[in-house]
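Read through the structure below, which is laid out as structure tokens, and then see the notes.
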């Protein structure tokens, strides 16, 4: 028997914990509602819920360059969760990255961003977490190699990279811009994925939002670069994307699908607009030049495109806006690092959903159908057609990613990319 | 050993179109709903993605999405003098299974029945006299529900699917370009009609020249992208020609997956259990109330799911069988004419005319499940039946559902079925031929019915359903008459030749005709001649509702899904507004 309680898209129905109504009769209802909203703003669910697990009970393995880190149980269970924590201890966790015992947490927990959050907001989040159903569950122990298994190294890291300054409004900017900055650089922790990291995992702060490799994915450029960033998107289009996971330019797949489902789709229109205004103010990242692609590869890619891609993305890559993303002048397609394009073709991609756009539109896996060379050719083709320009993709890159994604393992169905 | 589970408000038996729609309506009303589906979970990207959806061998010929008849099938005979034998390979109709069921592999032809179809008996009796409706032992009757009552619910289904079409009657005003014979619509279709390709265009031109009234087929293969009221999205159809028998990889065919599930699966008060086959509905000792259902999962474990409401939302043949197995209602006896469950089984009377040109390239591979220009001049009671010796009718459609290379190659009269001559004929005609479909009604008859087979059993030891069915003189006369009308249009197109594929002889389960089985759990005005009332509520067990085409007292000359959906919405509205407040019979006897 297979009981499908959650959305088979792999996402838990967010309706429960994040959109459940808190009645006026509940003591402290105002603060709890604020906390519920901020838990969405912080996208806590995406990491603190493991596949098939209870909301916020943790146990999801985060694969960092330094090893595997399991997320904590945030439910108010006294033994395994944060049931015995105090407001002050929670505040310190959010601001200094230490747990209730004063032991350093790894910065996979985004306290370097959360430290911007106000005390009142922290208290509201804590109050809401304390009101959720307690779940007795202890996540597995982290699997970090020496010397990362010594938490003392985090103290050194904090000295190097932790900015403990409180949020300072920029009086030269609008209130809306400042609200956006507070959300993006605070709870939203957008730069956690979208800002490149140095070899110690600290932000390359002079390259804020330039886009970065993220494991098997790429978090794209969010600056005003017209080709790779948000330069050609309007503020409203950015807000629409955050609301519904889709707009005329793109669909939110990969880890961003969860951000849409568990976070940005649940924010107010005003906050989404503020985020968009702030992001649209980022100075464009420099464009990287790439040589003209090989003609033979382009011809091969064009033939594969017609066979495999055109039934949804249509001739000339025009797509069906808001349904199947147009591929021409597509920022994700033109990222300097082609990993996301390769990933989507190999494994498929399912986009995030909202109450207004419920369909998790999904591109199927083509790993069973296209060889590494085929995928390299068609990726090169779409990265250099219809106004696009980006570096060619090699079969070796695709080969490595295919291995990393374990796409040779048994599938749920013969032709699917879903792993058993 | 049977494990008793936590009680729920409603259990849905089967999860295709009717289960999905009813589940959504009941969950929105706040009920805790569990759906039990005997088949597997099915989703676009994993089960029929664009890269392999158009695999004719896998889906059409190897029945990838259909019921596996080695586990469960039914027996069939033409009349009570014969021995019924089990169907060991699906043919005439292709039974669905799995999430979405037939809603996954239908053509997307979305019709409303005519207002007069719902009064088949009284209307025809009034116009043509009593003899017209009692000859040949016809057992037709009125539905107990009217077109006017169902119109808002037909509309709900159109809004759900984003149906592409052109209205022919808006609130009583006839509209150019639409079907002038249809019942009044409260508003225009949500999306415009599909673009008609060459063959349907030619058909429409010549039909008009003969004084007929051509219009584009209303379709769930969408002409443009659409967002429905549940926030579910469909894309525009790419005319790939793989709809019927196939799932759509492009999100462009209306199905439970594309229209309801994205919304319903987010609901915390809804859960779906796949690979769970319901064995029977459990009743109290007095058989006046259902307590829940007993089902078995794919591991062979048995469960009792208690529920306040039991909704039979499986296919018509399973719904009727479950009633017979569970002791709901009195089984029909064809000898005495008494009893109701299994009574008035009906089907669809299909024929066609193939048209072959020398000078026209039709490119039939550009197709879609409901890509057609249609005339409705000879359907239902849209024409005078005086002296014709039958009631009912058919729509005639110049249709290109696709040019699938194995199934859909038309060859002229006299061509052998295989070998060199067939190959030459196939090569010569593939691009230059198409088929005109004659989609006819099927009246009910006292000898056509469903019951439990006395001999054959399924893997769980339960008797199979037995179908006793044959076409009657009424159906043959109707079909021949309208096929001749189709041939007139075909000849007017000035082709090299045509081929008439009439409906001849007895019903056979071998050649594919259509999966439009109806009746057996029919609706009506009183418990003497029907199983369910106008709200699909069982007269005998008021907390059991039986959805689907089983409720049709006879079948009209249209595809049934639109009416199946409208009846489901109609029932759901009554359950959520009246029944939940005061559980009990919704129609007093």
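Select, from B:176, B:193, the only residue that is at pLDDT 95 or above and under 24 Å from residue B:560 (Cβ atoms). Step through it out loud before you land on a result.
Values: B:176 fails: under 24 Å from residue B:560 (Cβ atoms).
After ruling out the rest, the residue left standing is B:193.
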Has segment A:289-305 got any residue that is closer than 19 Å to residue A:226 by Cβ and not assigned by TED's automatic domain parsing to the domain that holds residue A:180? yes
When every residue in segment B:24-38 that is in a helix (DSSP H, G or I) and in contact with a strand residue (DSSP E or B) (Cβ under 6 Å, 6 or more places away or on another chain) is compared, the one nearest to residue B:565 (Cα to Cα) is B:26
Scanning segment B:319-344 residue by residue, the ones that are under 17 Å from residue B:554 (Cβ atoms) and assigned to a loop (DSSP other than H, G, I, E, B) total 6
Scan segment B:379-412 for residues that are in contact with a strand residue (DSSP E or B) (Cβ under 6 Å, 6 or more places away or on another chain), over 17 Å from residue B:431 (Cα atoms) and part of a loop (DSSP other than H, G, I, E, B) and report the count. 1
Positions within segment A:349-373 being over 16 Å from residue A:245 (Cα atoms) and within 12 Å of another protein chain (Cβ to nearest Cβ), in sequence order: A:364, A:365, A:366, A:367, A:368, A:369, A:370
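Kindly indicate whether residue B:188 is touching a strand residue (DSSP E or B) at 6+ places or on another chain (Cβ under 7 Å), free of Cβ contacts under 8 Å to residues at least 60 places away in the same chain and away from chain A (no Cβ under 14 Å).
Numbers: touching a strand residue (DSSP E or B) at 6+ places or on another chain (Cβ under 7 Å): yes; free of Cβ contacts under 8 Å to residues at least 60 places away in the same chain: yes; away from chain A (no Cβ under 14 Å): yes.
Judged against the criteria, residue B:188 is a match.
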From the options B:459, B:489, residue that is more than 21 Å from the chain's Cα centre (by Cα) and over 30 Å from residue B:327 (Cβ atoms): B:489
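The rows are residues; the columns are (1) without any contact (Cβ under 8 Å) to a residue 24 or more places away in the chain; (2) in contact with a strand residue (DSSP E or B) (Cβ under 7 Å, 6 or more places away or on another chain); (3) away from every other protein chain (no Cβ under 12 Å).
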site	(1), (2), (3)
B:204	no, yes, yes
B:228	no, no, no
B:236	yes, yes, no
B:256	no, no, yes
B:271	no, yes, no
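Might you let me know whether segment B:155-164 holds any residue that is in contact (Cβ under 8 Å) with a residue 12 or more places away in the chain, assigned to a loop (DSSP other than H, G, I, E, B) and away from chain A (no Cβ under 14 Å)?
Going through segment B:155-164, the residues in contact (Cβ under 8 Å) with a residue 12 or more places away in the chain turn out to be B:155-164.
Narrowing the set further to residues that are assigned to a loop (DSSP other than H, G, I, E, B) leaves B:162-163.
With away from chain A (no Cβ under 14 Å) added as a condition, the list becomes B:163.
Within segment B:155-164, one or more residues are in contact (Cβ under 8 Å) with a residue 12 or more places away in the chain, assigned to a loop (DSSP other than H, G, I, E, B) and away from chain A (no Cβ under 14 Å).
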Would you point out the residue of segment A:374-405, among those that are farther than 27 Å from residue A:240 by Cβ, over 21 Å from the mean Cα position of the chain (by Cα) and not in a helix (DSSP H, G or I), that is farthest from the other protein chains (Cβ to nearest Cβ)? A:391
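Answer with yes or no whether residue A:249 is within 30 Å of residue B:230 (Cβ to Cβ), in a helix (DSSP H, G or I), away from every other protein chain (no Cβ under 14 Å) and at pLDDT 95 or above.
Working: within 30 Å of residue B:230 (Cβ to Cβ): yes; in a helix (DSSP H, G or I): no; away from every other protein chain (no Cβ under 14 Å): yes; at pLDDT 95 or above: yes.
When the stated conditions are applied, residue A:249 does not pass them.
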If I ask for residues that are at pLDDT 95 or above and assigned to a loop (DSSP other than H, G, I, E, B), which ones from segment B:255-298 would you list? B:255, B:260, B:275, B:284, B:285, B:286, B:287, B:288, B:289
What number of residues in segment B:1-60 are farther than 30 Å from residue A:310 by Cβ, at pLDDT below 95 and in contact with a helix residue (DSSP H, G or I) (Cβ under 8 Å, 6 or more places away or on another chain)? 0
Residue A:257 - would you say it is buried (at least 20 other Cβ atoms within 10 Å of the Cβ), in the same structural domain as residue A:237 (by TED's automatic domain parsing) and touching a strand residue (DSSP E or B) at 6+ places or on another chain (Cβ under 9 Å)? yes
Which condition from (1) outside any loop (DSSP other than H, G, I, E, B); (2) modelled with pLDDT of 95 or more is the one that residue A:327 breaks? (1)
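Quick check on my filter: what residues within segment B:46-70 are more than 14 Å from chain A (Cβ to nearest Cβ), touching a strand residue (DSSP E or B) at 6+ places or on another chain (Cβ under 9 Å) and either surrounded by fewer than 17 Cβ atoms within 10 Å (Cβ to Cβ) or part of a loop (DSSP other than H, G, I, E, B) (or both)? Can you show your working first?
Keep residues of segment B:46-70 that are more than 14 Å from chain A (Cβ to nearest Cβ), which gives B:56, B:60-61, B:63, B:66-70.
The next check asks that each one be touching a strand residue (DSSP E or B) at 6+ places or on another chain (Cβ under 9 Å); those that pass are B:66-67, B:69.
Residues satisfying the conditions are B:67, B:69.
Tell me which residues, restricted to segment A:282-311, are assigned to a helix (DSSP H, G or I) and touching a residue at least 60 places away in the same chain (Cβ under 8 Å).
Step one: filter segment A:282-311 for residues assigned to a helix (DSSP H, G or I), giving A:295-311.
Once the filter is applied, which keeps residues that are assigned to a helix (DSSP H, G or I) and touching a residue at least 60 places away in the same chain (Cβ under 8 Å), segment A:282-311 yields A:297, A:298, A:300, A:301, A:302, A:304, A:305, A:308, A:309.
The values are calculated or read from the model by the stated rules, or taken from the named source; none is laboratory data. Please read these numbers as outputs of a predicted model, since none were measured by experiment. Ideal geometry is used to build each Cβ from the backbone, glycine not excepted, and the neighbour counts take in all protein chains shown.
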